[in-house]
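The values are calculated or read from the model by the stated rules, or taken from the named source; none is laboratory data. Remember, it's a predicted structure, so these values are computed and weren't measured experimentally. In this analysis, Cβ positions are derived from the backbone assuming ideal geometry, glycine residues included, and neighbour counts consider all displayed protein chains. Only protein heavy atoms, including side chains, enter the accessible area calculation; ligands, DNA and RNA are left aside. Shrake-Rupley method; radii C 1.70, N 1.55, O 1.52, S 1.80 Å.
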Amino acid sequence: FGHRAGDEVLAACAQRLSAAARPGDHVARVGGDALAHVAEQLDDKYAAVELADRAGRALTGRLRVGDVDLELTVSVGVALSDDVVMTLEADDAGSRLLADAEAATADAHAHGGSRTSVFTSQRRADAVAQAELAAQLSASIAAGELDVDYQPIHSLVTRAVVGAEALVRWHHPTRGAIDAATTVRIAETSESIGRLGELVLARALADLVRWRRDGRVDAEFAVHVNVSLTQLASASLVDSVRAQLAVCDVAPHQLVLEAHESPLLSSRPCIVRSIRALRRLGVRVAIDDFGTGPKSLSVLTDVGVDMLKLDGSLSLPPGSTLADVRVVRAVIALAHSLDMDVVAEHVTAPEQLERLRATGCDTVQGHLLAAPVAESELGLTPTSLW
């Protein structure tokens, strides 16, 4: 709506926050859409949270700007002037309080907004540790010190190994092995996620070329590589993928990029554009961990993809009921009607294989068949469990 409308919103929020403040409190705009409320002489944390909730309620709600009614939401972060902070010099204490409050606000926003989050000394310690890990990960990526493990994907029809998912493996010098999910989460808190994604993709394509040259896989074998929300939103993703495919001389259909369903649910134009461009290139796109999001079925029709990877909760684990089987069969039938292949993840028990085959599932992966292993240990022949 333009800068003028933005200024009107900020002015209105300043008035609302000032009205909610107590006599003697201080309120200020500290940048962008961030407002600060400094309150002294509060009895305890609960009084601070009560005051923060009151401020949140004052800022939340409908606001008319010009001819448009806007619905405002607010994320509130609370920082307390505990003994640790107040032992610092006055200027440092104020900066620390503001930084702590901003971190708590970011936490509230990351958990959906419209809520209050309280910063604690433990959270500060966790934030410092997270920042140190992120810096160490960035250095390890730059030095090429990360490895890539692979977990085979088996066909339920032919029992052959038809693909393998690439999973980054980070051996931290003091923490030991850090799993792929944690490594990716750390990378996403910094600016390392793009470089990490490129590293894993390059390594997976190079390994695929070697397997093909050695006669271990055929021209239909695919490597699966995870992509993050940050990567999908990047305008350079498609060009990077195209370039790496060309360098390795890999056919696009031999690459499957897996995205968690949460980013896809956002239906952000930049993400939809990336997915469509990747598919035009011939790269297949999969929804990973399908079944964990709040609107899973809508993804199937809202975002065009090639493959569905069922979360462990939908892979008919031990204890599944007849109703569970019917739900999974319906999901698979819907996916097939949309020309999607279906992979069941996290298969851990033998009885799951027959149940999933009966529902029409195409392929499976999980520790029952093979755990993620280093490239040199990867088995590309059917397991004896069949």
Margin query: List the residues, sorted by chain then number, that are 5 or more residues from V118 or on another chain and whose placed amide H is less than 5 Å from its amide H.
Written below: V78
Note to self: Take the chain, mark every one of the GluC sites (Glu not before Pro) that falls in a DSSP loop and has at most 16 other Cβ within 10 Å, then report the longest stretch left between them, sites excluded.
What the structure shows: 221-386
Next item on the list: Please work out the FRET efficiency for the pair H336 and A371, using the Cβ-Cβ distance as r and a Förster radius of 35 Å; give the result to the nearest 0.05.
Entry: 0.75
Item checked: Label-point separation, R210 to V30 (7 Å along Cα→Cβ), nm -> 5.0
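Averaged per residue, what accessible area in Å² does the chain show with a 1.4 Å probe, protein chains only?
Accessible area per residue, the chain: 51 Å².
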Note to self: Rounded to the nearest angstrom and ordered from largest down, what semi-axes does the equivalent ellipsoid of the stretch 310-386 get from its C-alpha gyration tensor (root of 5λ)?
What the structure shows: 23, 15, 10
Notebook entry, point to check: Which is farthest toward the positive dipole end of the chain among I193, T301, A135, measuring Cα position about the Cα centre, with Cβ charges +1 (Lys, Arg) and -1 (Asp, Glu)?
Noted result: T301
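What's the long-distance tail for the chain, i.e. % of Cα pairs beyond 38 Å? It would help to have the intermediate numbers written out before the result.
Working: 25818 of 74305 pairs.
More than 38 Å apart: 35 percent of the Cα pairs in the chain.
Can you tell me the dipole magnitude for the chain around its Cα centre, using point charges on the Cβ only (Lys, Arg +1; Asp, Glu -1), in Debye to the nearest 20?
Values: 36 positive and 52 negative charges, 219 e Å.
Magnitude of the dipole: close to 1060 debye.
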Note to self: Please check: in the Gaussian network model of the chain (C-alpha springs, under 10 Å), which one of G94, G197, G66 has the largest mean-square fluctuation.
What the structure shows: G66
Next item on the list: Determine the dipole magnitude for the stretch 26-157: charges of +1 sit on the beta-carbon of Lys and Arg, -1 on that of Asp and Glu, nothing else is charged, the reference point is the Cα centre, and the result goes in debye to the nearest 20.
Entry: 520
Next item on the list: May I have the pair-distance distribution P(r) for the stretch 138-291, computed from all Cα-Cα distances with 10 Å bins from 0 and rounded to whole percent?
Entry: 10, 41, 36, 13, 0
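Taking trypsin sites (Lys or Arg not before Pro) that fall in a DSSP loop and have at most 11 other Cβ atoms within 10 Å as cut points, what is the longest piece of the chain between them? Numbers along the way, then the final one.
Details: sites that count: R175, K295.
It works out to 1-174.
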Next item on the list: Using only the alpha carbon atoms of the stretch 40-80, find the Kirkwood hydrodynamic radius as the inverse mean reciprocal pair distance, in angstroms to one decimal.
Entry: 11.8
Note to self: Out of the total accessible area of the chain (probe 1.4 Å, heavy atoms of protein only), what percent is carbon and sulfur?
What the structure shows: 53
Checklist line | Cβ-Cβ FRET estimate between S313 and A181, R0 fixed at 22 Å, reported to 0.05 | finding: 0.85
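Given the stretch 268-364, what whole percent of its Cα pairs are spread farther than 20 Å?
Numbers: 1653 of 4656 pairs.
Considering the stretch 268-364, 36 percent of its Cα-Cα pairs are separated by more than 20 Å.
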